[in-house]
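This report concerns only the one structure given below.
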Amino acid sequence: MKKTISLISMLMLLFLFVGCDNNIQTVVIYTSVDRVYSEIIFKDFERETGIKVLPVYDIEANKTVGLTKRLLLEKKRPRCDVFWNGEITNTIKLKNENILQPYQHIYKTTVNRNYIDEDNMWIAFGGRTRVFLINKDLISQKEYPTSFSDLYKNKDSYTKGMANPVFGTSNTYAIGVYTLLGKEKGYKVFLDIANSDIKIVTGNSVVRDLVISGQMAYGITDTDDAIVALNKSNNIDIVFIDQQENEKGTLVIPNSVALIKGGPNNKNGKIFIDYILKAETIQKMIDIGWIQINIQDNRYVDKKLISFLNNKPIKVMDVNYNDIQKYFKKVNKDMKNLFLQ
Amino acid sequence: MLKKKNVIYISIIVILFTFSSYLFISNRQMNIFLKTISFGIVTSLVVTILGALLAYFSIKHIKNITLLLIILFAYMIIPPYIHSFAWLNGFQIILNQNAISGFFISVVVQICYFLPWATILWIVYYKYIPSTLFDETKLNSNKLFFTIYKMSKQIFIFIFMLIFMLSINDFTIPSIFAYNTYPVEIMSTYSSGVSFINTFLISLPIIIMVICITYIIFSHFKNNEYNNIEQSKYNYYTKRNYIIYVFWILYIAIPIILMLIEASSINFKYVFEILKDNFLFSISSSIYASIITIVLSYYLAFYVYRKRKFTKIIWIIILLLFSIPSTVNGIIVNKLYQIIYEYLPWLDFTYFSSIQVVHVLINKSLPISFIIFYIGFIQLDEKVIDYYKLHSNNTNKILYVIFWYYMKTYLFINFIVVFILSIGELGGTIMVIPPGKSTLTITIYNYLHYGSSDIVSALCMFMVLFVFVVVLCSLLLYNYFDRKNKTL
């Protein structure tokens, strides 16, 4: 009996310490992109290059922060080769922490300078935009909101809402507004929102579900949620924010990708970055529903959304992502004070 | 109730708490902390009272109470997210959503979430009321309820404090309803780029508070008057009452029906493909963690029970492990292994193994496991150990005999609790999971996002079913060994 127990214990200990085969070509990718979407891209990459992807996915509750913090912890002995982020602010924070390595991406010559780091540390691609999601049964077309300010200036009796600007893409939107308008005017916008009767909910998907169910007449969400809403319900309409002539356009929240300094498979990391920035891969991401707009060419939008733009190109908010870092602390402090009870 | 020495320790902790509050946290954070305390008090008071009443009516009107216990155990594993949305949907039907405040809905959902915990503890307590104490109290009281009420002060405090600690440390439910409790504040401060050390310092008030409460609970256990607790011989069951059956069926059915509806459209082949990738890793790390934790905590509990050297240090470590939030646990383990790999690079091959995950799980479940065995030793007659000491000088041999013949119940409870805690762990594991690997819980939370609630529901259903099977198998094994021992 004792011998059997010892044998089992030894075997268990062996399994506890054993890792994976070192002979296979691998690339370690930390990603905050939803797993349902990112794993499709990983499988395609593996098929095309023969390099096995070892991913670490983030969870929604961590709001990208978990992986960012993990990368910081691993700074002295990096384990990750590429950070593929579903948004951009945390990638910029990593640049400031000296975690990233510059890389001359194949996109360099064509991309809008707003979406590429001046030191080549990160590149933004693809993207989601902010839209109004409207329940057609509850609101007539004449009364549709068109501008972001309609959300808090309109004194209508409709129930309307947005996701909490303390977290996620709502927070990125707040940073965008601050960058565009300046600290004081930006704060005033969100102070007005906090003082209005707008319903602040936990996430964009909640806004989507409340609009579909008719508990909210309209709300602001991202285009990926809007697509899900269109698939789920026939009573949904979409309005892209601030598309009129005198308005500033809607904010694009791009994905971002960066090479990690000193990663174990640096060469494979570069191959992955080139792969993800290929037009075909971005097209695939649009097809599977992860992104809805290609920021390299604003005329290209997900087919389901084109009709809502009357075939015009999207008017995009002119925010240079190289400038946004100076607003991080201020926005975070303001949003916490205004939107957490 | 408390010895003079203990009062001094608690005073030191209170002074530390006050200092840390003044030094490291702002006035605004102090207000949030106080608000969190009142939030925790409301939740735990309601849960403890409701749990006591529910347990009382259940034990009186449900014949097969063990089955209810197993179902509630399995039910506890459903992630708080599912509870939150299930109950939110339920409340939206009967209440005007605009009228619901973040505080109210967070408290209500936490009550729904923690109710099985309190009910299980109360039922176990009723079953283990010492028969002598029960009979003595019953002499002076005609009604069963008042008999229990008179004996329940200590267990009331114990359950109240346990739920209070879980409530004030809970991040998920308040964050879903945008109610700013202290863990939400810590997380949002951490997200704003504050360093780990500063985040740890901000967490200090909550850590000190948890240590303080745990210490009070243990003072109760150490000083309580009944050491040799045996199962009560009293038969509580009177007659079948369908109201309590309907209550439990509805309570359990609402989230499960919701998950079934969500999962109905899913292609199960896809779900099994997901499970194939992470099920084995999840199960093996949980089992490793359970075995190592049980062995380690058993020796530690014995060591502390026999009042050897450094027991105070062991207590401090146990209390610290108990009070550290999950994410901080993950960060500490990650940091520790970064240092190990830096100085011992030949150990690098273990990076892709489950070693760090197992370490995180052990840290999380060791205090609970230790407490269960410590209670076991308190209730064990010291003469038993002395008797075996007469026959052998080998402590390991004595502990081995005691483990298999006297600690079976505690081993069973321990395995279930540690396994459930391990398989449901998230905050710490996410910080150390090796690339390319995943646990079942992490996978569920990976998919918890746009449009994939069908996959999440299917995975949750699988998880509930799996935990139910594990609990049932453990119970069958326990009964088998129990019978075997009795025949011997």
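Summed over both chains, the area buried between A and B is near 5300 Å², taken from the accessible surface of protein heavy atoms with a 1.4 Å probe. Counting only protein heavy atoms, what percent of the accessible surface of segment A:27-184 is carbon or sulfur at a 1.4 Å probe? Reported share for carbon and sulfur atoms: 46 percent.
Average accessible surface for segment B:357-410: 47 Å² per residue, computed with a 1.4 Å probe over protein heavy atoms with every protein chain in place. On full extension, the segment bounded by residue B:128 and residue B:391 gains 91.5 nm, given 0.36 nm per residue less the C-alpha separation.
For segment B:371-386, the Karplus equation 6.51 cos²θ - 1.76 cosθ + 1.60, evaluated at θ = phi - 60°, returns couplings of 4, 4, 5, 4, 4, x, 5, 4, 7, 7, 5, 4, 5, 4, 5, 4 Hz by residue, with Gly and Pro reported as x.
Within the listed set A:40, A:291, A:324, the residue fluctuating most in the Gaussian network model of chain A (springs between alpha-carbon atoms under 10 angstrom) is A:40.
Rounded to the nearest Hz, the phi-derived 3J(HN,Hα) couplings of segment B:24-29 under the Karplus curve 6.51 cos²θ - 1.76 cosθ + 1.60 (θ = phi - 60°) are 10, 10, 7, 4, 4, 5, where x marks glycine and proline. Surface composition of segment B:336-467: carbon plus sulfur atoms hold 65% of the accessible area, using a 1.4 angstrom probe and ignoring ligands, DNA and RNA. The helix-based estimate of mean residue ellipticity at 222 nm for chain A, built from -39,500 (n - 2.57) per DSSP H run of four or more residues and divided by its residue count, is -12000 deg cm²/dmol to the nearest 500. Measuring r between the beta carbons of residue A:233 and residue B:473 and using R0 = 56 Å, the FRET efficiency lands at 0.80. The residues B:127, A:76, sorted by heavy-atom accessible surface at 1.4 Å with ligands and nucleic acids left out, run A:76, B:127 from largest to smallest. With all protein chains in place and a 1.4 Å probe, the accessible surface of segment A:216-335 carries 45 percent carbon and sulfur. Take chain A with all the other protein chains still there, run a 1.4 Å probe, and you get 42 Å² of accessible area per residue. Under a model in which nothing but the beta-carbon of Lys, Arg (+1) and Asp, Glu (-1) is charged, segment A:197-341 shows a dipole of about 560 debye around its Cα centre.
The HN-Hα couplings worked out from phi for segment B:282-290 by the Karplus form 6.51 cos²θ - 1.76 cosθ + 1.60 (θ = phi - 60°) are 5, 5, 5, 5, 5, 5, 4, 4, 4 Hz, whole numbers, x standing for Gly and Pro. Across chain A, the longest piece that holds none of the GluC sites (Glu not before Pro) lying in DSSP loops with up to 10 other C-beta atoms within 10 Å covers A:119-244.
Report, in listed order, any pair from A:69/A:336; A:69/A:261; A:185/A:326; A:52/A:261; A:303/B:276; A:185/A:312 with a Cα-Cα distance greater than 25 Å. Long pairs (Cα-Cα over 25 Å): A:303/B:276; A:185/A:312. Were the residues from residue B:264 through residue B:311 laid out at 0.36 nm apart, the gain over their Cα-Cα distance would be 11.5 nm.
The values are calculated or read from the model by the stated rules, or taken from the named source; none is laboratory data. Quick caveat, the model's predicted, so the values are computed rather than measured. Positions of Cβ are generated from backbone atoms using ideal geometry, with glycine treated the same way; all protein chains shown enter the neighbour counts. Note: accessible area is taken over every heavy atom of the protein model, side chains too, but ligands, DNA and RNA are not part of it. Shrake-Rupley method; radii C 1.70, N 1.55, O 1.52, S 1.80 Å.
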